[in-house]
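A.B. asks: Dropping the structure in here first, questions after.
The values are calculated or read from the model by the stated rules, or taken from the named source; none is laboratory data. The model shown is predicted, which means the values in this text are computed figures rather than measured ones. Cβ: placed from backbone, ideal geometry, glycine included. Neighbour counts: every protein chain shown. Only protein heavy atoms, including side chains, enter the accessible area calculation; ligands, DNA and RNA are left aside. Shrake-Rupley method; radii C 1.70, N 1.55, O 1.52, S 1.80 Å.
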Amino acid sequence: MGNVKINIDGLDLVAKEGKSILEAAQENGIYIPNLCHHPDLIPSGNCRMCVIEIEGRRGQIIACKTPVEEGMNIRTESQDISLIRQTTLELIHTNHTQDCTNCSKNNTCQLQEVTAFVGVDEERLSRLRRTKPFIDKDESNPFFVLDHNKCIMCGICIRTCDEVQGVFALDYGYRGFNTIVSTYGNRPIKESVCESCGECVVRCPVGALYPNETKLPTREIKSVCVYCGVGCNIFFGVRDNKIISARGDRDSIVNKGRLCVKGRFGYSFVNHPERLTKPLIKKNGEFVESSWDEALDLIANKFKNAKGEKFAALSSAKITNEENYIVQKFTRAVMGTNNIDHCARLCHAPTVAGLVQSLGSGAMTNSIDEFTNASTIFSIGSNTTAAHPIIGLHIKEAKRRGAKIIVANPKEIDLCRFADVFLQQKPGTDVVLLMGMMKVIVDENLADLDFLNSRCENFEEFKKSLEIFELDTTAKITGVPKKKIIEAARIYATNKPSSLIYAMGITQHSHGTDNVLATSNIALLTGNIGKESAGVNPLRGQNNVQGACDLGALPNVYTGYQKVSNPEIQAKFESHWSAKLSGDDGLTHTEFFDQIEKGEIKALYQVGENPIISEADANHVKKALDNLDFFVVQDIFFNETAHYADVVLPATSFAEKDGTFTNTERRVQRLRKAINPPGEAKDDWWIACEIAKRLGAKGFDFESSEDIMDEINRVTPSYAGIKYNRIENEGLQWPCPDDDHPGTKFLHSEKFARAGGKGKLFPLVYKASIELPDNEYPLLLTTDRSLYHYHTATMTRRIEGLEILDGEEFLRINPADAEKMGINDEEYLTVKSRRGTVKVKAKITNICPEGIASLTFHFHETRTNELTNCAIDPVAKIPETKVCAIKIEKMNS
Ligand code: SF4
Ligand code: SF4
Ligand code: SF4
């Protein structure tokens, strides 16, 4: 778009074509009063404050909805304009509570600003009569209040909920004199479909929507959200050593100022009274407080006798990159073993194993920001709006821009509201669905042959393997109608660029690696990779699960996926670390517990994990932990697994330390210390270094996280150019091999990271899930996430507001299944699998198809993972958390 010349109030100006007069004025520093305008929203023109006059046109015109045109001569002031604005403003004031000094928006209120500019006639105002009755505030939401009596009917909240969030929770109700902002049926906000994101609250121009916490911070610190892998950038407001507010960074390319409910309101856990503040040592079966010296000496003494394969460490997707680096260095260089793993084993191990084989790199190929420009988004096995809410917003934005959305999920998830095609495959049949789609693509000559010939290998063999995936077979196994398979295949292959996203619905299977290979197959087959807004995009779960993998908290690789079995790499690390290292792959997370049970692993060092809740077949984990000689838990809370420990160490939370996290799109971002830690809590890296030094190790004398990053830069080619001074404002995406490299927005643009540079297609066959329903256990249980909780919920369940919004587990079950068993909504049930029993209430819902029930795993009172199956994928060693067989019994039967 070009520029146009306009004149505002006698000033000659240049404005961008397509901009409104209001925007052009604002960009040139000219104030036109307005109340219903927001730069993120489509102009509505309903406040009538921005009236202006244009030479040659009759009457007054609203500036927010009128585009600039060449030669326009605009007046923002005249007697008529003043009269219109003043009259409108007086009418607004008539229905507005006149109690500014007691309002949280006092001095930042847009109505005050407009009033000061336009002016009101107090006498005329005193003669006007309020047309609306006073209405009670809606205080049902635990995080914010809606005070109708201050509402100026600008509609910004309604449009935000529609246009930004795609939730549609609000509208105008009781149209006429008594119009109010209302939920459907004017129910309290908490009982509506509102997701409590607070986006409407931050945009409300007056004090009608305001957060419960109205105190102002004394300072703000820019940092990164601690919850999911999106890695939203946040300004935390701090006052009296507490985080009291969170504000999305509008300049961040990741979240563009937006936050979900957890990101905006989920921080009070940091100051929770149950935070660990002193080291604890178990003496005579009781935990007693100790000094750091006593605890660290004890640990060093015990670890000294458990070196080599008798030792294992669980690192964490919650701690920083620098801390993961230290924990894996300690395990390898001091304890002499590669038995180091973390919870990626339970979520994205197949991503690393699969995508490395097919593409050469096991990470998201493209960037979050690119989703909005995709022509097609294919979401498979990802409940995106619940697990990665801000990526959910990017997808909704893409839809508004005209993208086609394909959703494949066994359950009718929220994203289905935006889907052009919804493929409701049976759990565990993803390979068949994707290969069936690929057969359609090949049969209809929709494959990208140029791309296959020039960039890929193994196409002919792969093509033959598709023969068994006839449409009839595919439809029968997956349960998806043939018509929909064809439609989805055609859209994905032709409406390019197509971006495929997936999450744990793909990975948490006994054939998770095959599932991942199927996703890369379809992208390679159609040439939807190595390009902007395309690619294969595994959405990583926890805030730093990508970083924990990158920094070598895996049993087979050092930092940057450098193989431990490669003698040259081994020699390089031996030289850097001045240590003798093992060239054998270590055991995985899931294998640790088998070896502990057998008595082979004697000591476990667990940093920021909670396997009693997160590990499949959790009863097996309990048995194993009882068998350890020595168990150290390092965490911010005394979690469920800590009960089994010999020593519990208090660690700092994300808000109390510096460092970096790497988000799901490979972006390394700065985390900054906002407050002081409670009691004697210490940084995870400091603790591991102190243990190492007590064991006589050299190379652990770091002064800061930045020091550690310097060492990471030296040993990790993909992180070599990622320096703190380069990521002050915006993170860098790896690979970033040197100080001048700008980082990599999307991977594989010229060649793939595999040896030879080509992408590889893999023939696949259908492998059924290990435990399917039968006569004894007739229902299939799958697992899911809640928007309001995170992982084992040690943080989110300590936030009162989140507990109010979602404080209890429910078994979601289809109405037909409920009817067969005579189950009523909210009735307590006993859910049994071959491994455990859980008592939980029923929620009858069409979200689950017949024969399938679902639970989250956030609630320690109802431990879902005591039911799940630990049958593992032979390549990635991930347990099959997504599929197991259950039976349900009524409590009184
Ligand atoms: S509640 Fe706020 S944002 Fe919503 S219409 Fe009223 S004044 Fe506008
Ligand atoms: S908090 Fe979010 S979901 Fe709820 S009404 Fe406001 S914008 Fe909509
Ligand atoms: S989307 Fe994820 S990173 Fe962003 S605010 Fe929500 S939980 Fe935090």
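A.B. asks: For Asn3 and Glu776, calculate 0.36 nm times their separation in residues minus their Cα-Cα distance, and state this gained length in nm to one decimal.
C.D. replies: This chain segment gains 271.1 nm when fully extended.
A.B. asks: Could you work out how much longer the chain between Asn824 and Asn453 gets when fully extended? Use 0.36 nm per residue separation minus the Cα distance between them, nm to one decimal.
C.D. replies: 127.8 nm
A.B. asks: Looking at the P(r) of the chain, how many percent of alpha-carbon pairs lie beyond 47 Å?
C.D. replies: 28
A.B. asks: Shifting gears a bit: What shape does the stretch 772-893 take by its C-alpha gyration tensor, where a ≥ b ≥ c are the square roots of the eigenvalues and a/c under 1.5 counts as rounded, a/b above b/c as prolate, and the rest as oblate?
C.D. replies: Because a/c hits 1.5 or more and a/b fails to exceed b/c, the stretch 772-893 counts as oblate.
A.B. asks: 7 Å from Cα along Cα→Cβ at both Leu91 and Asp420: what's the point-to-point distance in nm?
C.D. replies: 4.3
A.B. asks: Applying a 10 Å radius around every beta-carbon, put 726-737, 662-673 in order of their mean neighbour count, most first.
C.D. replies: 662-673, 726-737
A.B. asks: If you don't mind, another one. Just want to confirm a number: the relative contact order over the chain, from Cα pairs under 8 angstrom separated by 6+ residues, in percent.
C.D. replies: Dividing the mean separation by the residue count of the chain yields 13 percent.
A.B. asks: Right, something else. Estimate the FRET efficiency between Arg124 and Ile30 by the formula 1/(1 + (r/R0)^6), using the beta-carbon distance for r and 25 Å for R0, to the nearest 0.05.
C.D. replies: Approximately 0.35, to the nearest 0.05.
A.B. asks: Here is a further query. Leaving ligands, DNA and RNA out of it, report the carbon-plus-sulfur percent of the accessible area of the stretch 144-275 at a 1.4 Å probe.
C.D. replies: 54
A.B. asks: Within the stretch 677-718, list the residues whose amide N lies under 19 Å from a label point set 7 Å along Cα→Cβ of Lys572.
C.D. replies: Output list for this probe position: 708-718.
A.B. asks: Right, next: Under 16 Å between alpha carbons, and skipping anything fewer than 8 positions from Lys673 in its own chain: which lysines qualify?
C.D. replies: Leaving aside lysines fewer than 8 places away in the same chain, those within reach of Lys673 are Lys222, Lys242, Lys318, Lys657, Lys682.
A.B. asks: I've got another one for you. Using the crude model of +1 on Lys and Arg Cβ and -1 on Asp and Glu Cβ, and no other charge, please compute the dipole size for the chain relative to its Cα centre, in debye to 20.
C.D. replies: In debye, rounded to 20, the chain gives about 760.
A.B. asks: Please state the equivalent ellipsoid semi-axes for the stretch 417-518: what are the square roots of 5 times the Cα gyration tensor eigenvalues, largest first, in whole Å?
C.D. replies: 20, 16, 15
A.B. asks: When ranked by the protection proxy of mean other Cβ atoms within 10 Å per residue, highest first, what sequence do the peptides 746-757, 777-788 form?
C.D. replies: Highest mean packing first, the order is 777-788, 746-757.
A.B. asks: Counting pairwise Cα distances across the stretch 114-178, what percent come out greater than 14 angstrom?
C.D. replies: That tail contains 73 percent of the Cα-Cα pairs.
A.B. asks: In deg cm²/dmol, rounded to 500, what helix-only [θ] at 222 nm does the chain give when every DSSP H run of at least 4 residues adds -39500 (n - 2.57) and the total is split over its residues?
C.D. replies: That calculation yields -7500 deg cm²/dmol at 222 nm.
A.B. asks: Of the heavy-atom accessible surface of the stretch 802-862 (probe 1.4 angstrom), what whole percent is carbon and sulfur?
C.D. replies: 48
A.B. asks: Also: Report, in whole Å, the centroid distance computed from the Cα atoms of the stretch 109-156 and the stretch 625-677.
C.D. replies: Centre-to-centre (Cα) distance: 46 Å.
A.B. asks: Using only alpha carbons, build the gyration tensor for the stretch 56-98 and give me the equivalent ellipsoid semi-axes, biggest first, whole Å.
C.D. replies: Those come to 27, 12, 7 Å.
A.B. asks: Could you tell me which residue out of Cys225, Leu298, Ile62 lies farthest along the dipole of the chain toward its positive end? Charges go on the beta carbon: Lys and Arg +1, Asp and Glu -1, centred on the Cα centre.
C.D. replies: The residue sitting farthest along the positive end of the dipole is Ile62.
A.B. asks: Separate question: Could you compute how much accessible surface Trp686 exposes when probed at 1.4 Å, giving the result in Å² to the nearest 10?
C.D. replies: My reading of the accessible area for Trp686 is about 70 Å².
A.B. asks: Stretch Asp738-Glu55 to full length: gain in nm at 0.36 nm per residue minus the Cα-Cα span?
C.D. replies: 240.2 nm
A.B. asks: I would also like to ask the following. For the stretch 325-474, what does the alpha-carbon gyration tensor say about shape, rounded, prolate or oblate, given a ≥ b ≥ c as the root eigenvalues, a/c under 1.5 as rounded, and a/b over b/c as prolate?
C.D. replies: Oblate, since a/c reaches 1.5 and b/c is not below a/b.
A.B. asks: For the stretch 449-559, what % of the accessible area comes from carbon and sulfur atoms, probe 1.4 Å?
C.D. replies: The nonpolar share, carbon plus sulfur, comes to 52 percent.
A.B. asks: Determine the per residue accessible area of the chain with all protein chains present and a 1.4 angstrom probe, expressed in square angstrom.
C.D. replies: So the chain comes to 37 Å² accessible per residue, rounded to a whole number.
A.B. asks: Calculate, in whole percent, how much of the Cα-Cα pair population of the stretch 503-656 lies beyond 22 Å.
C.D. replies: 58
A.B. asks: Can you list the lysines whose alpha carbon is less than 26 Å from that of Lys887, not counting same-chain residues fewer than 8 positions off?
C.D. replies: Lys411, Lys426, Lys476, Lys622, Lys623, Lys767, Lys820, Lys832, Lys839, Lys841, Lys843
A.B. asks: For the stretch 130-255, what log10 I(q)/I(0) values come out of the Debye formula at q = 0.13, 0.20 1/Å, with one point per alpha carbon and no solvent?
C.D. replies: Debye curve over Cα of the stretch 130-255, log10 I(q)/I(0) at q = 0.13, 0.20 Å⁻¹: -0.60, -1.20.
A.B. asks: Any idea what the relative contact order of the stretch 815-891 is, in percent, if you count C-alpha pairs under 8 Å spaced at least 6 apart?
C.D. replies: Relative contact order here is 34 percent.
A.B. asks: Ranked from highest to lowest mean number of other Cβ atoms within 10 Å per residue, what is the order of the peptides 387-399, 64-76?
C.D. replies: Top of the packing list down: 387-399, 64-76.
A.B. asks: Follow-up. Counting only pairs 8 or more residues apart or on different chains, how many lysine pairs in the stretch 1-139 have their Cα atoms under 25 Å apart?
C.D. replies: Lysine pairs, 8 or more places apart or on different chains, close enough: 7.
A.B. asks: Using a Cα-Cα cut-off of under 17 Å, which lysines could be cross-linked to Lys396, ignoring same-chain neighbours fewer than 8 residues away?
C.D. replies: Correct list for Lys396: Lys256, Lys404.
A.B. asks: Express in whole angstrom the spacing between the alpha-carbon centres of the stretch 729-778 and the stretch 551-610.
C.D. replies: So the separation of the two Cα centres works out to 22 Å.
A.B. asks: Quick one: Cα centre-to-centre distance for the stretch 796-848 and the stretch 21-63, in angstrom?
C.D. replies: Each part reduced to its Cα centre gives a spacing of 51 Å.
A.B. asks: Still on this structure, I have one more. What percent antiparallel are the DSSP beta bridges of the chain, to the nearest 5?
C.D. replies: 60
A.B. asks: Search the structure for amide H atoms under 5 Å from the amide H of Lys843, placed 1.01 Å from N in the peptide plane, and list their residues when 5 or more places away or on another chain.
C.D. replies: Under 5 Å from the amide H of Lys843 lie the amide H atoms of Leu811, Arg812, Ile813, Glu826, each far enough along the sequence or on another chain.
A.B. asks: Taking every pair of distinct Cα atoms and averaging 1/r, then inverting, what Kirkwood hydrodynamic radius in Å comes out for the stretch 333-419?
C.D. replies: So the Kirkwood estimate lands at 15.0 Å.
A.B. asks: Report, in debye and to the nearest 20, how large the dipole of the stretch 177-233 comes out about its Cα centre when Lys and Arg carry +1 and Asp and Glu carry -1 on their Cβ.
C.D. replies: With Lys and Arg at +1 and Asp and Glu at -1, about 120 debye.
A.B. asks: Determine the relative contact order of the stretch 547-683: mean sequence separation of Cα pairs under 8 Å and six or more apart, normalised by residue count, in whole percent.
C.D. replies: Taking the mean separation of contacting Cα pairs over the length of the stretch 547-683, I get 15 percent.
A.B. asks: 7 Å from Cα along Cα→Cβ at both Thr108 and Asn284: what's the point-to-point distance in nm?
C.D. replies: 5.5
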